[in-house]
Amino acid sequence: MSRPDSKSAAVAGPRAGVAASHPDPWRHADGQTNVDEMAKSLEARGRTPAQARLRRRFLKFVPVKPGEHVLEVGCGTGVVVRDLAALVGRRGEVVGVDASRRLLERARALCRRPAEGTRITLRVADGASLPFAAGRFDTALAVTVILHVAEPLRVVREMARVTRPGGRVGLQDQDFGVVALTHPDRALTERIMRGVAERVYEEPHSGRRLPGLLRAAGLEDVRLLTDVYQDTTLEPWTKTFLERRAERALRFGIVDAPTAERWLDGFTEVVAADSFVLTVNYYGAVGVKPR
Ligand SMILES: C[S@@+](CC[C@H](N)C(=O)[O-])C[C@H]1O[C@@H](n2cnc3c(N)ncnc32)[C@H](O)[C@@H]1O
């Protein structure tokens with residue numbers, strides 16, 4: 001696996017590409033110098049078959065139906081917007097908003113011609129202050145976004161406001177408290193995975209908190225779908241994910257450069273022995289806006 005950049009971390013502090021203000025780059029993607037890489041990683045994740053299955057199961061669980069008007073908050077490059085367009089079809093509408101102008105530029109290019117002819121609108125907006133009238137949408141969704149926002153309840157309340165009475169608000173998030181990973185050095189793996197998640201995210205257990213968040217925002221009939229991302233072959237997206245964890249562990253001073261390298265080498269061994277496993281729990285939660 002490729003090596004964390006020990007030299008720049010030691011000499012220049014945080015690796016170029018990460019804003020000094022907050023350790024989570026998704027908080028302010030436009031402030032990162034590697035936003036193109038971030039866009040590519042969203043698309044790589046979107047293409048990963050096990051990730052596509054997670055999204056499909058969540059959208060079926062919501063459920064998103066033909067003809068609906070659906071909002072996605074934090075749409076990034078539009079991976080979910082494209083799924084939604086296929087589900088709502090020609091009579092439906094998909095609106096994606098994101099705080100990042102740069103990611104939306106990619107989304108505009110990638111969502112230009114939805115096969116079904118669905119109306120798609122993409123605009124810059126903060127999830128905590130949505131530029132839409134109350135009750136405008138049948139369904140409002142946020143997929144792997146709540147983990148990254150400063151005020152999750154404010155965002156979910158906004159999503160509820162723009163949803164019609166009887167409509168649904170749906171959230172899906174990872175939960176970094178439920179990660180399983182094969183590696184020869186269990187203690188080191190635990191130190192890196194837990195240490196990085198605690199430093200990057202306000203709430204690394206975001207997934208399991210989604211039902212409570214929906215109830216706190218006034219939604220009813222809240223349901224939970226527990227799902228799992230499973231990779232047994234070290235998919236390209238998983239590999240990048242682990243490399244980024246190693247870089248951050250080094251930058252945060254959790255490990256030194258030789259240890260970060262040794263950790264990444266451990267995965268090469270595990271893959272060679274055909275025993276690689278990564279699982280991460282994903283939680284999907286849906287609530288109904290009271291009539
Ligand atoms: C991990 S990405 C998920 C993108 C997309 N939902 C997907 O699953 O491919 C998180 C996205 O949330 C956006 N984001 C973060 N904070 C936001 C906020 N306060 N309002 C709107 N979007 C936000 C980021 O710019 C980024 O595009």
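The values are calculated or read from the model by the stated rules, or taken from the named source; none is laboratory data. What you are looking at is a predicted structure, and each value in this text was computed from that prediction instead of being measured. Heads up, the Cβs are rebuilt from the backbone with ideal geometry, glycines too, and the neighbour counts pull from every protein chain shown. Accessible surface areas use protein heavy atoms only, side chains included; no ligands, DNA or RNA. Shrake-Rupley method; radii C 1.70, N 1.55, O 1.52, S 1.80 Å.
Worth a mention:
- A single entry from ALA109, ALA142, ALA99 fulfils the requirement of being among the small types (Gly, Ala, Ser), over 15 Å from the mean Cα position of the chain (by Cα) and on the phi < 0 side of the Ramachandran plot: ALA109.
- Qualifying residue in segment 193-203 (condition: out of contact with any Lys or Arg (no Cβ under 9 Å at 6 or more places or on another chain) and within 13 Å of the ligand (Cβ to nearest atom)): yes
- Filtering segment 68-102 to residues that are of a type in the set (A, V, I, L, M), near the ligand (Cβ under 8 Å from one of its atoms) and in a strand (DSSP E or B) leaves VAL73, VAL97.
- Applying the set (1) away from the ligand (no atom under 15 Å from the Cβ); (2) at pLDDT 95 or above to ALA115 leaves exactly one unmet item: (2).
- Flag for ASP138 being open to solvent by 10 Å² or more (accessible area, probe 1.4 Å) and either within 10 Å of the ligand (Cβ to nearest atom) or of a type outside the set (D, E, K, R) (or both): no
- Residue list for segment 32-66, filter: open to solvent by less than 20 Å² (accessible area, probe 1.4 Å), in a loop (DSSP other than H, G, I, E, B) and either away from the ligand (no atom under 13 Å from the Cβ) or charged (D, E, K, R) (or both): VAL62, VAL64
- Considering SER8, SER21, the condition of being modelled with pLDDT under 95, within 19 Å of VAL200 (Cα to Cα), more than 9 Å from the ligand (Cβ to nearest atom) and among the polar types (S, T, N, Q) is satisfied by SER21 alone.
- Boolean, ALA285 is open to solvent by less than 10 Å² (accessible area, probe 1.4 Å), within 19 Å of the chain's Cα centre (by Cα) and not basic (Lys, Arg): yes
- Residue within segment 120-139 that is touching a Cys at 6+ places or on another chain (Cβ under 8 Å) and in contact (Cβ under 8 Å) with a residue 24 or more places away in the chain present: yes
- Tabulated pairs, segment 22-33, first touching a residue at least 60 places away in the same chain (Cβ under 8 Å) and farther than 12 Å from ARG102 by Cα, second more than 10 Å from the ligand (Cβ to nearest atom) and among the basic types (Lys, Arg), C-beta under 8 angstrom, 6+ apart or interchain: PRO23/ARG199; PRO23/ARG248
- Residues located in segment 221-235, provided they are in a strand (DSSP E or B) and in contact with a Leu (Cβ under 9 Å, 6 or more places away or on another chain): VAL222, LEU224, ASP227, VAL228, TYR229, GLN230, ASP231
- Within segment 118-135, the residues that satisfy the criterion of being within 13 Å of the ligand (Cβ to nearest atom) and open to solvent by 40 Å² or more (accessible area, probe 1.4 Å) are ARG123, VAL124, ASP126, SER129, PRO131.
- The numbered conditions (1) β-branched (Val, Ile, Thr); (2) farther than 23 Å from ASN34 by Cα; (3) in contact with a Lys or Arg (Cβ under 9 Å, 6 or more places away or on another chain) are all true for VAL70 except (3).
- The condition (being open to solvent by 30 Å² or more (accessible area, probe 1.4 Å), modelled with pLDDT of 95 or more and within 16 Å of the ligand (Cβ to nearest atom)) is satisfied by just one residue among PRO165, PRO184, PRO152: PRO152.
- Any hit, segment 168-177, residues being in contact with an Asp or Glu (Cβ under 8 Å, 6 or more places away or on another chain), in a strand (DSSP E or B) and more than 26 Å from VAL286 (Cβ to Cβ): no
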